[in-house]
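First comes the structure, then the notes that go with it.
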Amino acid sequence: MQELKTGTKELMQFYDCDEMREYFRKKDKSLRNKLTTVSEAVKNLINDGEYIAVGGFGGVRIPTAILHEIVRQRKKNLGLSGHTATHDFQILVAGECINRCDIAYIIGLEARGLSPNARRAVESGKIKIVEWTNAALAWRYKAAAMGVPFLPARNMMGTDVFKYSAAKEIECPFTGKKLVAYPALHPDVGIIHVHRADIYGNCQIDGIQIADQEMARASKKVIITTEQIVPTEQIRNDPTRTIIPYYLVDAVIEVPFGSYPGNMPYLYYSDEEHLKEWLEVEKDPQKFKEFLDKNIYGVKDFYEYIEVNGGLKKLHKLMQIEKLIIQGR
Amino acid sequence: MQELKTGTKELMQFYDCDEMREYFRKKDKSLRNKLTTVSEAVKNLINDGEYIAVGGFGGVRIPTAILHEIVRQRKKNLGLSGHTATHDFQILVAGECINRCDIAYIIGLEARGLSPNARRAVESGKIKIVEWTNAALAWRYKAAAMGVPFLPARNMMGTDVFKYSAAKEIECPFTGKKLVAYPALHPDVGIIHVHRADIYGNCQIDGIQIADQEMARASKKVIITTEQIVPTEQIRNDPTRTIIPYYLVDAVIEVPFGSYPGNMPYLYYSDEEHLKEWLEVEKDPQKFKEFLDKNIYGVKDFYEYIEVNGGLKKLHKLMQIEKLIIQGR
Amino acid sequence: MSAYNSMELMICVASRFLENGATVVVGTGAPCAAAMLAQKMHAPNLMAFFEAGAFAPILPTMPISVGDSRTFYKALMASGMLETMEACQKGMVDYCFLGGAQIDMYGNLNSSMIGTDYDHPKVRFPGSGGANDLASLTWRTMVITPQDSRRFVEKVDFITSPGYLTGKGARERAGLPRGSGPYKVITNLGVLGFDEETCRMRIESVHPGYSIDDIKKNTGFELLLAKKITETAKPTEEELRVLREEVDPYRYIIGRA
Amino acid sequence: MSAYNSMELMICVASRFLENGATVVVGTGAPCAAAMLAQKMHAPNLMAFFEAGAFAPILPTMPISVGDSRTFYKALMASGMLETMEACQKGMVDYCFLGGAQIDMYGNLNSSMIGTDYDHPKVRFPGSGGANDLASLTWRTMVITPQDSRRFVEKVDFITSPGYLTGKGARERAGLPRGSGPYKVITNLGVLGFDEETCRMRIESVHPGYSIDDIKKNTGFELLLAKKITETAKPTEEELRVLREEVDPYRYIIGRA
């Protein structure tokens, strides 16, 4: 028998699978119109202290309008699943909305560099963190989506990521092999931006889905923003394409260009100028405060945010970059 | 600590996950033309004694041409994953090709009744069986597809299905709950019929995929029959739709109407007359022998099999039934 | 009031248990007809999953397989088998419908074999398919079955799908999800439920023209009696019309009685 | 022979290790450029996975995120993150490319933090992302990194991605897949590999213009020497042309040197 280790950190978000069954049993699964507004969705579905998960990949297919509204409504003490959380993390930290995070990748914006403000917040200890990896968090969603309390895997063992996680080692009942066990992760609220949804919340995504298929199935509540609302007939004409079925969803909001300044595959590329501006102004807290007033606190909705950053002309350029008509990346 | 039970049957197909890693490492993953014929694929890729899995759902999207060829080439002592194995099971039993089966659902053809011949074979003990369920076998594929030696679940416990299986009970490391552990199932050969594939084996399926996504990823070798070969450009123009990537696949054969007499969603319905004939003639071993000669042993390929059963006129009718133009089911 | 056959009665009775907004995994045959009838009568928002991966189709006609193309005709999602099974495992699905060759007083079902020696069965049936999965993982198992004492037995030869196993608390002790189990058994003679204290089968309503004694005589174990036993309401004209004209116009199912 | 900068050299050298028919998970930056260069030079059948779910794209330009739309442009499959990770876990993927703030003699990588107190790091970095996953689950980890003794350290402050941990057999004892581990470390000074007996880092080739001593001086631990140490072959004219004209015409990556 091998020595089995256990991570030293406490599990910050875990529901017993029988409790979750009770919850999902009671969830209203009727086919009802769930159209609402960004501000209503955030007000009604996201409570201070809850644990949220953000779809997409940090700067790709992100629900920016919801993230800004969380900041604008000054939500506090949220938990976050930091599954490649880049610009999404940056926004939530800017608003001082989160106090704990299961991390796989935070602070950075991939090739763009690191967020000075997010780094300060994490290094100061204002945000309590527990270590995981991208696959680990995705498998944690998958366990929750499957309705089991854990899933086994073969990574993370032997490293400090395991040591500062809340994972456990187990022994395989068939092979005797040492495996890592990942506890199911049920976010209180999952927030996802998609290409198409109907008014009930049946959703289609074009291109990679990252971990959103699993995350939507794992979350207690799901908020969908969508590039466009389509008739349910369109969903029914191609049901193979449905990636999130309506009964998981609590709110649907049509937000054209809703992933801006993130990339929306097949539609528009990320606004690299604006993302660079974020990283730049964060170096100076005063400038950053003015920047947030201008871009988030001082604008009344997502249209105005886009307007402030170049409006239709900017969007047109990002569409042309996405379609490889003009150069950029 | 709870008492943990274990199924009483022996695991008939299990590979250690590190052995499978070595196997998959060596598998040729280059993008090469895999077009071949039904008879070559069966000759080269299915060996006596190997363990096979059949895609689709017994009488829906089944690779009939391959199944007939297995019978025609008189393959022996095959193992089978009986994941809702209906007409597929019936064909393989008719050819006396299988000697063991992990069963979820066998012998029956759902609402159509039971196969007298398959029943005789199982009741006589000629086919050794081990009990599972549809979900259990699908989760076994999924474990293999994920590269882990087992997956936990919450069904089968407390029943005789568990007792006569090779599953084990385990205790959840996070909740202390009793769970069932399903060992990974790596078929030696997975055989799947799809709507569209390119010459390399990139496949699309319209409508439900049953458990083929998992099974293709679990199998050591994969044989694809497809209604049509499409240019790779078509795959690349909609990569969201790819359900089986080429590197899993060993052989691709274009077999139009390849699921006949099974249903092929969106294209043609099952041939209920012919399936009824199967069930009827099986009652009389002599008549059944003649029937098999006529339909399998005595025909040289799949075109001829369809010809014997009504040819284009029959196919046209099944297409009209599928499209709800004429009544039938 | 029109005449009706026992299949029509069972389907109508079953359909009434399916409330609007509920979720159900249906098979082929009577359960599918019951779900369709419920949708057309009182439960337009009853959502049907099929075991092979379909969700919320607009069924154009009766499927012959739980995986055939009818099951995802104009569906909201055509996914895979584990999508359905995992929705059940997560507690998303209220009902399933099962049958079997034998059922005992705890609602345990046998669809595997007759005989006492596993390796030499007297009669071999198909096995679980998805039945064990649905009986384990949905909240409430419903059974539609003809009633006779060879089918309603003291002890099933093989437990394929778990009812309450050996009685109250046994499912949970076995590891099955908390609070799930058999709900109603709808036969040609009446409706049977389960006593909350003992988890044993009890008579809850008797179909018109039959008596409590008829039910007891056709049952191979001792049945409990609900506190109040009612007479089953007959199928209404409207139920029969919808069932015959819209749900099963070709009498695939209702022609079997 | 053209002049070349160190980034161009590292990309060319890395690309030569990627044989035709191999599978690789690539990130953004130099690894992506190395994979593209290999495909255009000698390995048209080199198949690239991206961590967020893309497989075998025809990259039109350098992606800035491993999840952005470039990564599945004209791809053969656009799936999800676990599709890639599980392909790795199954043993389907030969190579991954990683970097880090620190690396030790066993190829353990740190991309999490500098400092000794986890809760009060001196400097906090992004963390694993998918790095630990790829280092654990692909067969061979490749590293492209500038070489200096603050980066090549005796002991990393935090093991984010497993190298050979504490030496031979340690990965397997920890539970990681058998036979996997670090393969090559490509720096601006040379190519380092790993000794088969001790799993310690060793010098295998030295880039033109540098010496074994230059490499040793820029390394904070004792390096072993391969039996035969060669001089790295310079980038060829054709490699440089393809890299500059086809792979990275806007000098996103090669402009960083």
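The values are calculated or read from the model by the stated rules, or taken from the named source; none is laboratory data. Just so it is clear, the model here is predicted, and its values are computed rather than measured. Note that we place each Cβ from the backbone using ideal geometry, even for glycine, and neighbour counts take in every protein chain shown.
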Check your understanding: Out of (1) surrounded by 24 or more Cβ atoms within 10 Å (Cβ to Cβ); (2) at pLDDT 95 or above; (3) touching a Leu at 6+ places or on another chain (Cβ under 8 Å), what's the single condition that is false for C:Ala52?
Key -> (3)
Review point. Would the stretch D:43-51 turn up any residue that is within 17 Å of the chain's Cα centre (by Cα), away from chain A (no Cβ under 14 Å) and over 19 Å from D:Leu98 (Cβ atoms)?
Key: no
Review point. B:Asp28: within 14 Å of chain D (Cβ to nearest Cβ) and either modelled with pLDDT of 95 or more or part of a strand (DSSP E or B) (or both), yes or no?
Key: yes
Check your understanding: Is one or more of the residues making up the stretch A:225-233 surrounded by 20 or more Cβ atoms within 10 Å (Cβ to Cβ), among the acidic types (Asp, Glu), closer than 28 Å to C:Lys90 by Cα and under 19 Å from the mean Cα position of the chain (by Cα)?
Key -> no
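This table checks each residue for (1) surrounded by 20 or more Cβ atoms within 10 Å (Cβ to Cβ); (2) more than 14 Å from chain D (Cβ to nearest Cβ); (3) out of contact with any strand residue (DSSP E or B) (no Cβ under 6 Å at 6 or more places or on another chain).
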position: A:Ser259; (1), (2), (3): yes, no, no
position: A:Asp271; (1), (2), (3): yes, no, yes
position: A:Lys287; (1), (2), (3): no, yes, yes
position: A:Tyr297; (1), (2), (3): no, yes, yes
**Study point:** Residue, farthest from D:Val13 (Cα to Cα), within the stretch D:171-201, restricted to residues that are within 13 Å of chain A (Cβ to nearest Cβ), among the small types (Gly, Ala, Ser) and touching a residue at least 24 places away in the same chain (Cβ under 8 Å)
**Key:** D:Gly179
Revision key, fill the gap. D:Val153 meets each of (1) β-branched (Val, Ile, Thr); (2) within 13 Å of chain A (Cβ to nearest Cβ); (3) surrounded by fewer than 24 Cβ atoms within 10 Å (Cβ to Cβ) with one exception, condition (2)
Point to revise | Elements of type strands (runs of 3 or more DSSP E) contained in the stretch D:140-247, each with 3 or more residues being under 17 Å from the mean Cα position of the chain (by Cα) | key: D:140-144, D:181-186, D:190-194, D:201-206
Check your understanding: Inside the stretch D:119-143, can you point out the residues that are within 14 Å of another protein chain (Cβ to nearest Cβ) and within 18 Å of D:Arg202 (Cβ to Cβ)?
Key -> D:Arg140, D:Thr141
Review point. Taking the stretch A:105-137 only, how many residues are under 20 Å from D:Gly29 (Cα atoms) and among the small types (Gly, Ala, Ser)?
Key: 4
Check your understanding: Any idea which residue in the stretch D:1-15 is surrounded by the fewest Cβ atoms within 10 Å (Cβ to Cβ), counting only those that are outside any helix (DSSP H, G or I) and at pLDDT 95 or above?
Key -> D:Asn5
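Table: residues versus (1) assigned to a helix (DSSP H, G or I); (2) within 29 Å of A:Pro173 (Cβ to Cβ); (3) more than 8 Å from every other protein chain (Cβ to nearest Cβ).
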site	(1), (2), (3)
A:Leu4	no, yes, yes
A:Tyr15	no, yes, yes
A:Glu19	yes, yes, yes
A:Lys43	yes, no, yes
A:Ala65	yes, no, yes
A:Ile70	yes, no, yes
A:Ala85	no, no, yes
A:Asp88	yes, no, yes
Point to revise | Subset of the stretch A:307-326 [buried (at least 18 other Cβ atoms within 10 Å of the Cβ) and of a type in the set (Lys, Arg)] | key: A:Lys314, A:Lys317
Exercise for review: Give the stretch D:57-100 a look and list any residue that's crowded, with 24+ Cβ neighbours inside 10 Å and aromatic (Phe, Trp, Tyr), or say none.
Suggested key: D:Phe72, D:Tyr95, D:Phe97
Exercise for review: May I ask you to say which residue of A:Arg236, A:Arg241, A:Arg217 is without any contact (Cβ under 8 Å) to a residue 24 or more places away in the chain and either in contact with a Leu (Cβ under 8 Å, 6 or more places away or on another chain) or of a type in the set (Lys, Arg) (or both)?
Suggested key: A:Arg236
Point to revise | Flag if A:Tyr105 is within 7 Å of another protein chain (Cβ to nearest Cβ) and either in contact (Cβ under 8 Å) with a residue 24 or more places away in the chain or in a strand (DSSP E or B) (or both) | key: yes
Study note, to complete from the structure: How many residues of the stretch A:31-41 are of a type outside the set (Lys, Arg) and assigned to a loop (DSSP other than H, G, I, E, B)? The answer is 4
Check your understanding: Any idea which residue in the stretch B:108-150 is nearest to A:Ala153 (Cα to Cα), counting only those that are in a loop (DSSP other than H, G, I, E, B) and at the interface with another protein chain (Cβ under 8 Å from one of its Cβ atoms)?
Key -> B:Val148
Review point. Is at least one residue of the stretch A:197-212 surrounded by fewer than 24 Cβ atoms within 10 Å (Cβ to Cβ) and either within 30 Å of A:Phe162 (Cα to Cα) or at pLDDT below 95 (or both)?
Key: no
Check your understanding: Considering only residues of the stretch A:1-23 that are touching a residue at least 60 places away in the same chain (Cβ under 8 Å) and under 21 Å from C:Glu86 (Cβ atoms), which is surrounded by the most Cβ atoms within 10 Å (Cβ to Cβ)?
Key -> A:Cys17
Check your understanding: Which residues, taken from the stretch C:16-31, are out of contact with any strand residue (DSSP E or B) (no Cβ under 8 Å at 6 or more places or on another chain) and buried (at least 24 other Cβ atoms within 10 Å of the Cβ)?
Key -> none
Check your understanding: Quick one: would you say D:Asp68 is modelled with pLDDT of 95 or more and facing another protein chain (nearest Cβ under 8 Å)?
Key -> yes
Review point. Which ranges mark the helices (runs of 4 or more DSSP H) fully within the stretch B:262-329 that have 1 or more residues being on the phi > 0 side of the Ramachandran plot?
Key: B:311-322
Exercise for review: Give me a count of the residues in the stretch A:178-213 that are facing chain D (nearest Cβ under 8 Å) and either without any contact (Cβ under 8 Å) to a residue 12 or more places away in the chain or assigned to a strand (DSSP E or B) (or both).
Suggested key: 4
Exercise for review: Give the number of residues within the stretch D:71-81 that are out of contact with any Ser or Thr (no Cβ under 6 Å at 6 or more places or on another chain) and facing chain A (nearest Cβ under 7 Å).
Suggested key: 4
Practice item. Check the stretch D:35-43 and report whether any residue there is surrounded by 24 or more Cβ atoms within 10 Å (Cβ to Cβ), basic (Lys, Arg) and in a helix (DSSP H, G or I). Key: no
